[in-house]
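Structure first, commentary second.
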Amino acid sequence: MSEATRLIARPPGGIIGKILAINWLFVFLLCALAACGYVALYSAGLGPEKYANRQALRFAAGLILMLGLALVDLDRIRRAAWYIYAGALALLVLVARFGHVGKGAQRWLVLGPLQLQPSELMKIALVVALAAWFSRADWERAGKPLFLLPPVLAILAPVLLILKEPNLGTAVITLVVGASVLLAAGVRLWIFLLAALTAAAAAPIAYAHLHTYQRNRILTFLHPERDPLGTGYNILQSRIALGSGGLWGEGFLHGTQGVLAYLPERQTDFIFTMWAEQFGFVGGAALLLLLLTVVAATFAIALGCRNQFGRLLALGIAVNFSLYVFVNIAMVMGAIPVGGVPLPLISHGGSALLTVMFGFGLVMNVHVHRDDPLDPPLI
Amino acid sequence: MRRFRNPREIRATFTRRAALIGAAELAGFALLAGRLYQVQVRQGHHFARLVRGNRITSRLIAPNRGLILDRFGVTLAGNRQNWRALLMVEETANATATLDRFQQVLPLTAEERAHIDRAIVRHQRFIPVLVKDFLDWDEMAALEANTPELPGIVIDIGTTRLYPFGAGLAHQIGYVAPPNPREVAADPLLALPGIRVGRAGIEQVHEATLRGRPGQLRLEVSPVGRVVRELDRQDGIPGPDITLTLDAALQQSVLGHIADQSASAVVMDCTNGEVLAMASNPGFDPTLFDSGVSQAQWHAWVTDPRTPLVNKPCAGLYAPGSTFKPAVALAALEAGTLHPTDIVTCPGYYDVGNARFHCWKKGGHGPLNLRGAIAQSCDVFFYETARRAGMDHIAALAHTLGLGVKLPIEQPNVPAGLIPTPEWRRRHGHHWNLGDTIVAGIGQGYIQVTPLQLATYVARIASGRAIQPHLTRAIGPTMQPGAAATDWPALPTSDTFLKEIRAGMWSVVNQPGGTAPLARLDLPGVTMAGKTGSAQVRRVSRWVREHTNFDSANLPWQFRPHALFIAFAPYDAPRYALGLVIEHGNEGPQTAAPIARAIMTDTLTRDPANRPPSRLAANIPP
């Protein structure tokens, strides 16, 4: 109990204290990423008007959202965790029934001027819920399988709904994000091994249930030249553009493939290609390093938190963000099947940006409340 | 899960696990960086060789359309080479200037030019635009000589569809035409110059198969649009050839027999439903649709009373007339309300309430059993039979035999036709009268069937199997199911009754007093069974019938009844079935029977079902 009393003796001092506690280095890193995004979108739109300025405005809004969210009481978020989860799940069900169908999938919910992609929100809500569950863990009972059942169900419900949309990429990301929170919470390793083996056995059955376009993506990935002007066209063009970037790049606004519009979806999914064609491997690797730094900073916040809820929350969001980055960049290099996943903070698009900033708002909140003794007394 | 004793241990576990996850992420990013290095720097030299300013462009290669062959490998739809000039939009700095210079070499009409300009704007840059096709040698030479002034212009060999049998198979094979903008929007590959889309018949039904998959050519192009070098090439995959069940030679001879009629004839292998000939006369020239049909030609087609554009065997709807009588008889037999030995006496008329229905034979046939009634096509016998069977039984049996149902033939827009039922009349707000059943007994009234249905119907009676008519024998080297008799289930009707019906139909052709002596075959040891029919197209009032010397042959052509004939042969071992409709042919026995005899004689002599299908016999594609 001595440690607990020590913690209580050092409460954060009101709203001013919270603002002072904000990790401004983290904010700076995000701004640096957004600046890279501005440059990339500038070249994709051949000027600032088309994409870059609009995206900068959105980032500013996202920054305000993030800082506002950081000041909310962390304990309040924890207590609301399952309500947030239920709300996001309801939105997912809603999108399945009434969602806007784009490119053969129901993913978007149109609320007046706002387009919402509930699967993005869902991943964050899932992390919050799982973190709340494991932070309240009664560790004496924790060994029982019944204790693991609710969180596993909480992961599988949205995963299945997202699969049905259908959006294979996001479903897999959701699954991995949920699993990593479980891992960090201390669930035994052999359980993961068992789950992985089950998944491997189920893969052929799942393949049989995939949509034609999803199978095409997997097949195109295995043989990119199979269908050079159908699904393979994007990847092929992207690889040509990357290749012509070389070590040092073709220079700002001098990327021939990207700027000359050979590259489809260059402002969204293939924005990294735009970047790497113009700035070469050096520029691409630098951007990768910057993204990795943001992930590392999030990890540092997680490790520096004194309560289990905050730790798990920050870690889950870090994993979510890095999976985004990984899937997108691997996709444009033709290393994994095309998944329609944007590059966070760089790609053009409001919905993805706001959800990413929402997640970072939670991370910032964890940082601000890192010394709060949230976790209930243990037996 | 292990038991934690204090927060410190929870945090320690978290830290260890977080380090594990962090290490995995680090590895992931390292992999990304490594891959990026490989793609940009190691493999990049493949592209880095490009002189600065050169670009790589992809050029699509249109696949060849699959051929359509008859069962013996004769080409029914082929491809002809066609030299044409294409504009590679992304290989020229200024498409407008190139086209202006092109016009100085080869003139284009204002309409053509506008079309090209639209295509340049509308299509993606890697899709070449067709500037002019069907180039002759002089035009090609002129273009070749001017190549330096025409950046982006490429002479290319494409294909045009060729139909060796022309109008004779136009309905069944269909034709191709350029895709419409809506289709191009759905599939940009259709914007490829020279791509054609099947618009009717087999060309439409098997479009997805015949089209094939396009290939791709990657080129390095200089800033002014010169092709510097070919980087790599994947040839398109041509659509597989489709082998039909049709026999082109038989089709030709069938067409010859109906050449001066507006008629349709379907010859089918009654053991398996393979359609051997499906003739629709008159036809149209299928190649006209490729280049565009002139207004005058179109007007001529649609105003022709002989309806050349209608695929009569599949889509022409006719009352079956007396050819429906075997179905009525079978319905009554199956329902148990008629016995093969029952005698009905025909006084020449049949009274129901206060309505009187006439037999075609004034004065009547006298007493007749079933065989005699089919042979002499006695109306009164079938009025009575229809009354006994009831319309619901008749309709159900007609459907079983393939009448009034949508047949799964590989042709677009096949109507189901109609066998009316009391329920159907009720749905349309009318009451069903007994008189409606009586009229249906002789195949008149609301009944509508197609010639293909008639052929299917007689084939099912002849074989006792629920065969379905089909046209596709093989796609590529793969035989399609349905070629063997055992692929088809037996009909749910009694064999004894079917034999009785067949015997009656034999008498129609071969016994004195039968209605179709003109259909009797002149082949040794082979006889044919059949049934005549005439379908009124205009009501003849009772007054006219009784008080004038009425003869429908004196009517204007378009008011004469249709002449119908259904037949199968050989009678002992049925193999071929025939459905024949001569529009406004007046009387079945006089007009249709001799044509049916000629067609069946040719079919039996040629015997296509027993000839080895040359290409498929070896089962190896050439």
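The values are calculated or read from the model by the stated rules, or taken from the named source; none is laboratory data. Small disclaimer: the values here were computed from a predicted structure and weren't measured. Please note: Cβ atoms are built from the backbone with ideal geometry, for glycine as well, and neighbour counts cover all protein chains shown. In case anyone asks, the SASA skips ligands and DNA or RNA and just uses the protein heavy atoms, side chains included. Shrake-Rupley method; radii C 1.70, N 1.55, O 1.52, S 1.80 Å.
Please check which bits of segment A:296-325 a label hung off B:LEU31 would reach, taking the label as a point 7 Å along Cα-to-C-beta and the cut-off as backbone N under 15 Å. It comes to A:322-325, nothing else. Inter-label distance, B:ARG101 to B:LEU288: 4.1 nm, where each label sits 7 Å from its Cα along the C-beta direction.
Each of B:ASP522, B:ASP117 has its accessible area taken with a 1.4 Å probe; listed largest first, they run B:ASP522, B:ASP117. Of the Cα atoms belonging to segment B:56-235, the radius of gyration and Dmax stand at 17.3, 53 Å. Here, the protein assembly as shown is characterised by an Rg to Rh ratio of 1.13, where Rg is the alpha-carbon radius of gyration and Rh the Kirkwood radius. Relative to the longest principal axis of the Cα atoms of chain B, the long axis of helix B:110-122 lies at roughly 60 degrees. Near B:LYS325, once Lys and Arg are set to +1 and Asp and Glu to -1 for all other residues with Cβ below 10 Å from its Cβ, the sum equals 0. In sequence order, segment B:86-101 has phi-based couplings of 10, 10, 8, 4, 7, 9, 10, 6, 9, 5, 5, 5, 4, 5, 4, 5 Hz under the Karplus curve 6.51 cos²θ - 1.76 cosθ + 1.60, θ = phi - 60°, and Gly or Pro positions carry x.
Burial annotation for segment A:269-313: residues with an accessible-area loss of at least 40 Å² between the isolated chain and the complete set of protein chains, computed on heavy atoms with a 1.4 Å probe, are A:PHE281, A:LEU288, A:LEU292, A:PHE299, A:LEU303, A:ARG311. What are the aspartates and glutamates whose alpha-carbon lies under 20 Å from the alpha-carbon of B:LYS312, with same-chain residues fewer than 8 places away excluded? Partners within reach: B:GLU203, B:ASP247, B:ASP260, B:ASP269, B:GLU274, B:ASP285, B:ASP304, B:GLU410, B:GLU583, B:GLU587. Using the Cβ-Cβ distance between B:ALA12 and B:ARG182 with R0 set to 51 Å, the FRET efficiency works out to roughly 0.20. Once backbone amide H atoms are built at 1.01 Å from N, B:PHE357 has B:TYR350, B:ASP351, B:VAL352 as its partners under 5 Å, excluding neighbours fewer than 5 places away on the same chain. Against chain B, whose longest principal axis is taken from its Cα atoms, helix B:379-389 shows a tilt of about 70°.
Length available on full extension from B:ASP607 to B:ARG118: 0.36 nm per residue minus the Cα-Cα distance, which gives 170.6 nm. Starting from the Cα of B:THR109, step 7 Å toward the Cβ, then list every residue of segment B:125-150 with an amide N under 18 Å from that point. In segment B:125-150, the label zone of B:THR109 (backbone N under 18 Å from the point 7 Å along Cα→Cβ) covers B:130-136.
Within the shell of other residues whose beta carbon sits under 10 angstrom from the beta carbon of B:CYS346, the net charge comes to -1, with Lys and Arg scored +1 and Asp and Glu -1. Scalar couplings 3J(HN,Hα) for segment A:149-161, obtained by applying the Karplus form with A = 6.51, B = -1.76, C = 1.60 to θ = phi - 60°, are 5, x, x, 5, 4, 4, 7, 5, 4, x, 4, 5, 4 Hz; x denotes Gly and Pro.
Summed over both chains, the contact between B and A buries some 4900 Å² of accessible surface at a probe radius of 1.4 Å. Out of the total accessible area of the protein assembly as shown (probe 1.4 Å, heavy atoms of protein only), what percent is carbon and sulfur? The computed percentage sits at 60. For the pair B:THR75 and B:LYS499, the difference between a 0.36 nm per residue extended length and the Cα-Cα distance amounts to 148.7 nm. Exceedance of the 19 Å cut-off in Cα-Cα distance is limited, within the set B:LYS325/B:LYS499; B:LYS406/B:LYS531; B:LYS325/B:LYS361; A:LYS123/A:LYS164, to B:LYS406/B:LYS531.
The residues of segment B:56-235 have, on average, 43 Å² of accessible surface per residue, using a 1.4 Å probe with all protein chains present. Using C-alpha pairs below 8 Å separated by at least 6 residues, the relative contact order for chain B is 14 percent.
Taking the longest Cα principal axis of chain B as reference, the axis of helix B:325-335 is set at about 80 degrees.
Counted by Cβ distance under 12 Å from B:TYR571, the other residues give a net charge of +3, where Lys and Arg count +1 and Asp and Glu count -1.
Evaluating 6.51 cos²θ - 1.76 cosθ + 1.60 at θ = phi - 60° for every residue in segment B:161-178, the Karplus couplings come out as 6, 10, 10, x, 9, x, 4, x, 10, 4, 5, 6, 7, x, 8, 10, 8, x Hz, glycine and proline recorded as x. If R0 is taken as 60 Å, the Cβ-Cβ distance between A:THR293 and B:MET140 corresponds to a FRET efficiency of 0.45.
Its DSSP H runs of at least 4 residues, each contributing -39,500 (n - 2.57), put the calculated 222 nm mean residue ellipticity of the protein assembly as shown at -15000 deg cm²/dmol, to the nearest 500.
Would you mind getting me the FRET efficiency between B:HIS430 and A:PHE252? Use the beta-carbon distance for r and R0 = 60 Å, nearest 0.05. Between B:HIS430 and A:PHE252 the formula returns 0.15. Using amide H atoms built in the peptide plane, which far-off residues or other-chain residues are under 5 Å from B:ARG161 H to H? Residues meeting the criterion, in which the H sits 1.01 Å from N, are B:ARG80.
Close amide H contacts of B:ILE61 (hydrogens built in the peptide plane, cut-off under 5 Å, sequence separation of 5 or more or a different chain): B:GLY215, B:GLN216, B:LEU217. Find how much the distance from B:ALA93 to B:VAL537 grows on full extension, using 0.36 nm per residue of separation minus their present alpha carbon separation; answer in nm with one decimal. Between B:ALA93 and B:VAL537, full extension yields 153.2 nm more.
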